[in-house]
Amino acid sequence: MGLLRYLLLGLFTSAAIIGSCESPRYQVLFNGKDLSQWRGLAPYWTVRDGAIVGETTKENPVKSNTFLIWQGGTVGDFEFRCLVRFEGNNSGVQYRSELADENQLALRGYQADLHPRPDYMGMMYGEKTGRGIIATGGQRVVINADGKSDATDAFAPLGDIATERWNELVIVAVGNRMIHQINGVTTVDVTDDHPDARRSGLLGLQLHQGPAMKAEYRNLLLRSLDGDQARRVLQAAIDSSSSASAAATKDATQAAVTKPNAETWLQQTPKPQWIWADRSATNQKVWFRKSFQITAAAKHTRLYATCDNRMTLFINGKQVANSDAWQSPIDQDVTPLIQPGRNVIAIAGQNEGGVAALVAKLTVTESDGNETSIVTDNSWKRSESPAKDWNATEFDESDWTAAKIIDQIGAGPWGIPGQESGSAGGATVIRPQEIVAPPGFVVEQVYSVPKQQGSWVALATDPQGRLYACDQGGAGLYRLTLRTGDSPLVEKVSIGSLADVSGAQGLHWAEDSLWFHRNGGHLIRLTDSDGDDRLDAAETYPGTTGGGEHGNHAVLPMPGGEGLFLDGGNAAPLASHRRSRVPTWYEGHLLPRMWDSNGHARGRLAPGGWVTELDVDSKEQVVRTVGFRNQYDIALNRHDDLFAYDADMEWDLGLPWYRPTRICLAASGADYGWRSGSGKWPSYYEDSLPPVVDIGPGSPTGLVAVSDADFPTRYRDALFACDWTFGTMYAIHLEPAGAGYRGVAEPFVYGSPLPLTDAVIGVDGTLYFAIGGRGTGSGLYRVRYLGDASRVEPTHTDPAAAQARKLRRSLEAFHGVESPDAIAAAWPVLSSSDRFLRHAARVAVESQPLESWAERAVLEPEPQARITAIVALARMGDEYHRAGAMVGLMGLRPDSLDKSQLLGMLRGYALIFDRLGKPTERESEQVIAQLDPLLPSDDAEVNTELIRVLTYLRSESVIGKTIKLIDNRPPTEPPAWSELASRNKGYGRAIDNLIQSTPPSREIMYAFLLRNLKDGWTLDQRRSYFAFLNEAAKASGGASYAGYLTRIRDEALANCSNQERVALQDITGEDFNPQPDFPIVEPQGPGQKWTVEEALATSRGPKNFERGRSLFFSAKCAACHRLGGLGGAIGPDLTSIPNKFDERYLVEAIVHPSKDISDQYGSSRVLTDDGQVLIGLVVEKENGDLTVYPIDENAKAVEVDADSVELIEASKVSQMPEGLLDRLGRDEVRDLLTYLMTAGNPNDKRWGRN
């Protein structure tokens, strides 16, 4: 079997042309921080953003040319390189010069001129020598001893150059020969034997007199040359001249034939529109067709299409392409498939959850010059039922339904996929000169990926030093052989039996195999079956499927060859596993969460993103770590600890549950607490762990350890993390902190646009990285270190940290394993102040039989150990353990606890109430008495947890104390993200807005918690509460910010009385009138005894809003409940149902109302002094008298004098009667449930209205 071979020219910078890829050693002339190695006139020279900046203004001109002079000595035979950009006037690099004017710091000698004229850019000028221009661009000049010149046009012209952008200047000077190069193109080659020729002198940077100007320089490198080395470098510069010119000519030719920008084309009339079915549903499939006529043969075509979430596209029955992510549109030529006459586009679309839509545009230019465009609109036909030969040209779709228009192209959450406004970059890859790296490092482009090879998102390297790269979609897997001084050899691997191997989101070479973790698929092992050095066999390892960009990700060998680590995001279900190091997972919410206001990850529950350990021989997995959002990659440091790079939820910006992108130690047994919507756990929760470092907004992609890189020592101990959105590769410098780590994120490499996808260390010690993804232009780059800092491998180890890691690992051996030695080993560590040790010990205990440690947990005398043990008991126990766990925590003295312990105690209470059962009335009073004096605290995190627990317990003072905290809030400090935001104007806009108008996130959390309380408010407190929400709404946040605030307001309003809502109308803007103004029709039936499953099965079919609204009243829901401002106020307001619950939960609550009763709305049994027993919902008036609403919907409320009450106790029977649905027919059940799940919104897409 032969491989399909590509000999494609990679674009190299001058460093790749001059000399080999072996890294020489340069002296770093500028440290990126200050001018300590330089001398210049102070008013003109500064350091900004890691660059030397020389600047004159109209108000601060320079009298004559002046220079910033390097103070490290003189230069003789040398190679100098730098990156430079300038505007307003020309600049230059002076060398082999002498000081001509001490006061003005003027130099006399050779200058590599930096000039806006292409023929002057890089020329040689004799500054203050009387020689003027010595050589212009493209010239080879020989100057004899008599001063006469012989000039020839030896090189291709430089062409237009944007001098306001970064460009690379290289100067090679050996003896009498001097060569200048700009971006790898030789501009002049001068042999100078003039009587005034100079062989050594000073080095300086010029500011030119005249118009105001600015010149910026960075990455200034110098190496002195002598002997054979000098001759080799000079010869390499001479030899490179022709190849560099050829490369420049080729680049210009390619640029001239680049097709129009997709955004411009899509916005031209006719514009495509996003279309779909009448409503979106999870795992929904919709089939689309569109027929059109062409009168002549097609000459050119362009097809653009994408679908949220996935699609397969056919033209005239033949498959064109598929897409697994809406961010990766199809954009290609389909001319061979278009025929004169009738043509058909057929698309099979699938939604994985949330909103769904399809967009497409096809433009056909016919041989006669006629142009036809076909765009998605409501003329397309669609069906939600599969049909035989549905994609064939002759298929009759006349009975299919018209597609529904969802939105215009460029609108909605999608923007224009694949374009800068909706992604991290356009179709053109960034020039390496525009990529910023620390002093001494150089970035070079190795390869520009052609469109047919896709957009590369995963890299790996094999023992021979070859690279493997894979497209995100279906363009395949490729192998690159890097060749010194030549373009890489690129070979397609996805051919023959491996033709469908594509879409990797994780690649790694191990055990003579390339391990391929497929997007939406399983783990695949690729091998060479016949020894011909070509991968040709695939073995599938059962794993998980689905998830797209939140699905399967990295694959990485475990230390010691024990197996492989696998990781997957929160949309990838856990694969079947032999055991779990994580003892349990749960949602862990004491108070109701809100789902994301835009529907993202709605209904998705724990465990979230995961890391597993795969035994290669048995193919069995062990769960290691859970609770991530979308940790795209993992890496091991030199201590063999595993780290994960987790994603933020950018729509949460400004909200209290926003979690930045972060690096986490993927510790055994850990749950990092990602939960959907508002439910994300704070990092201080005792049943979770903190990150190593919070980075900020971004989209994590590759993570790599660089211990084998030929880098300075301080970097070899770092992890390198790639952010796709903001085009930044961070060096994560790790510092041991007990058994865990702390980290500092240094922006290492960044540019705009630079959609980083993955990075690997080559066998040559070079860092290679790819850009691309989501249909963007793709390229392969490398980072080399050329400076002279020490590159010795780091060996230092902190003995205390090493001992802590050893103890942690000894405890991790008990995770998920029963052992008689575990309790004795772990229990003493439960009291550790080191959270990672304490966590490891707790999980070891939790892995043992509960009866072996439950009693000990309650009786443990040491406070921290008791807290840790009771958290374990709340996680692993049941209702039987509730009372003991409560006694254990109530026995603690809060004033003797430090902050961490106090937070642990509060989390313990929350877990007990959530998982083991509600406290008794007496227990509630005791806990309130214990905690109430602590609020307010000086610490915001402690306040949050106190408010959470006291709100749950309905403390009488929590509202007043919390409102004071809200009213007396300090100003919110904006995050330091301005520079980051500047690297992507599209995504950065929301961050800039947030910085300018920063939300009061902490107080939003307080308000979020208080929204659950119905009673205990004064009107003034209500007014302060809603006034705060109005003020918070003026701030800026992510895409879900406003939606969350609206729903907090709505749910708080739902807990107000009718009188309060009327009194608050001037603040809330609500026109409150709970009475319906439409006809109410009784149910028509036929009724039946509905079960949960039967009621859920009614969901498909046409829906009638008016009937659903009427049934809310005629089916007696409105007798107790309010929805959308209409109905009664006895039971909970149902307007917030879609924010909190899914349809199954709703149906179960209706069919089995006594299964789970809210203690705010549950029925009570009231015994009066005359022996009367009343059962119903009890509402206490301000004077203490009671109103009892009987369960019988037809019975009248009973007024009870407070003095006549002997006993009130909770009833186990719900106030809502059984059988509420039983009078309803199938269509009526469907309409009522839809009315409830849409919160009475007639415009909700689930009603199927256009």
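Odds and ends about this structure:
- Filter pass, ALA1097 being out of contact with any Ser or Thr (no Cβ under 6 Å at 6 or more places or on another chain) and free of Cβ contacts under 8 Å to residues at least 40 places away in the same chain: yes
- Residue match in region 459-470 (condition: closer than 26 Å to GLY353 by Cβ, at pLDDT 95 or above, of a type outside the set (A, V, I, L, M) and buried (at least 17 other Cβ atoms within 10 Å of the Cβ)): yes
- Remark: VAL442 matches the filter, which requires a residue to be of a type in the set (A, V, I, L, M, F, W, C) and at pLDDT 90 or above.
- Number of residues in region 521-580 that are on the phi > 0 side of the Ramachandran plot and either within 19 Å of the chain's Cα centre (by Cα) or of a type outside the set (Asp, Glu) (or both) equals 7.
- Top-ranked residue in region 35-59 [being of a type in the set (Gly, Ala, Ser) and surrounded by 13 or more Cβ atoms within 10 Å (Cβ to Cβ); ranked as farthest from GLU216 (Cα to Cα)]: GLY40
- Which listed residue is in contact (Cβ under 8 Å) with a residue 40 or more places away in the chain, part of a strand (DSSP E or B) and in contact with an Asp or Glu (Cβ under 8 Å, 6 or more places away or on another chain), from ARG638, ARG624: ARG624
- When region 1040-1069 is filtered for residues that are crowded, with 19+ Cβ neighbours inside 10 Å and in a loop (DSSP other than H, G, I, E, B), the ones remaining, listed by number, are SER1040, ASN1055, CYS1056, LEU1064.
- GLY543 vs. criteria among the small types (Gly, Ala, Ser), surrounded by 18 or more Cβ atoms within 10 Å (Cβ to Cβ) and closer than 26 Å to GLY762 by Cβ: no
- Residues of region 280-293 that turn out to be crowded, with 18+ Cβ neighbours inside 10 Å and in contact with a strand residue (DSSP E or B) (Cβ under 7 Å, 6 or more places away or on another chain), as a count: 5
- Count of residues meeting criterion [surrounded by fewer than 24 Cβ atoms within 10 Å (Cβ to Cβ) and not small (Gly, Ala, Ser)] in region 705-722: 9
- Meets criteria (in a loop (DSSP other than H, G, I, E, B) and modelled with pLDDT of 90 or more) for PRO260: no
- Checking each residue in region 1025-1039 for being surrounded by fewer than 19 Cβ atoms within 10 Å (Cβ to Cβ) and either of a type in the set (Gly, Ala, Ser) or outside any helix (DSSP H, G or I) (or both) picks out ALA1027, ALA1033, LYS1034, ALA1039.
- In summary, ARG96 fulfils each of the numbered conditions (1) at pLDDT below 95; (2) buried (at least 21 other Cβ atoms within 10 Å of the Cβ) with the single exception of condition (1).
- Restricting attention to region 299-326, the residues that are buried (at least 19 other Cβ atoms within 10 Å of the Cβ), in contact with a helix residue (DSSP H, G or I) (Cβ under 9 Å, 6 or more places away or on another chain) and of a type in the set (Val, Ile, Thr) add up to 2.
- Checking each residue in region 327-361 for being under 17 Å from ALA403 (Cβ atoms) and buried (at least 21 other Cβ atoms within 10 Å of the Cβ) picks out ILE345, ALA346, ILE347, GLY349, ASN351, ALA356, ALA357, LEU358, VAL359, ALA360, LYS361.
- Residue selected from region 363-405 under the condition β-branched (Val, Ile, Thr) and part of a loop (DSSP other than H, G, I, E, B), by the criterion modelled with the highest pLDDT: THR376
Table: residues versus (1) in contact with a His (Cβ under 6 Å, 6 or more places away or on another chain); (2) closer than 18 Å to ILE275 by Cβ; (3) charged (D, E, K, R).
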{"position": "ARG302", "(1), (2), (3)": "no, no, yes"}
{"position": "ASN309", "(1), (2), (3)": "no, yes, no"}
{"position": "LEU313", "(1), (2), (3)": "no, yes, no"}
{"position": "PRO340", "(1), (2), (3)": "no, no, no"}
{"position": "ILE345", "(1), (2), (3)": "no, yes, no"}
{"position": "ARG382", "(1), (2), (3)": "no, yes, yes"}
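- Residue in region 111-119 that is assigned to a strand (DSSP E or B), farther than 20 Å from GLY184 by Cα, modelled with pLDDT of 95 or more and in the same structural domain as GLY54 (by TED's automatic domain parsing) present: no
- Hits in region 210-234 - residues which are outside any helix (DSSP H, G or I) and either of a type in the set (Lys, Arg) or under 41 Å from the mean Cα position of the chain (by Cα) (or both): MET213, LYS214, ALA215, GLU216, TYR217, ARG218, ASN219, LEU220, LEU221, LEU222, ARG223
- Flag if ALA510 is surrounded by fewer than 16 Cβ atoms within 10 Å (Cβ to Cβ) and at pLDDT 90 or above: no
- Residue in region 810-819 that is part of a helix (DSSP H, G or I) and touching a residue at least 40 places away in the same chain (Cβ under 8 Å) present: yes
- Within the span defined as region 1070-1089, every residue fails to be free of Cβ contacts under 8 Å to residues at least 60 places away in the same chain, assigned by TED's automatic domain parsing to the domain that holds ALA1239, of a type outside the set (Gly, Ala, Ser) and in a loop (DSSP other than H, G, I, E, B).
- Residue within region 553-565 that is buried (at least 17 other Cβ atoms within 10 Å of the Cβ), without any contact (Cβ under 8 Å) to a residue 60 or more places away in the chain, assigned to a loop (DSSP other than H, G, I, E, B) and of a type in the set (Val, Ile, Thr) present: no
- Exclusive hit being buried (at least 17 other Cβ atoms within 10 Å of the Cβ), under 33 Å from the mean Cα position of the chain (by Cα) and under 24 Å from ALA296 (Cα atoms), set VAL364, VAL375: VAL375
The values are calculated or read from the model by the stated rules, or taken from the named source; none is laboratory data. The structure presented is a predicted model; accordingly, all values stated were derived computationally and were not measured. Methodologically, a virtual Cβ is constructed for each residue, glycine included, from the backbone with ideal geometry; neighbour enumeration extends over all protein chains shown.
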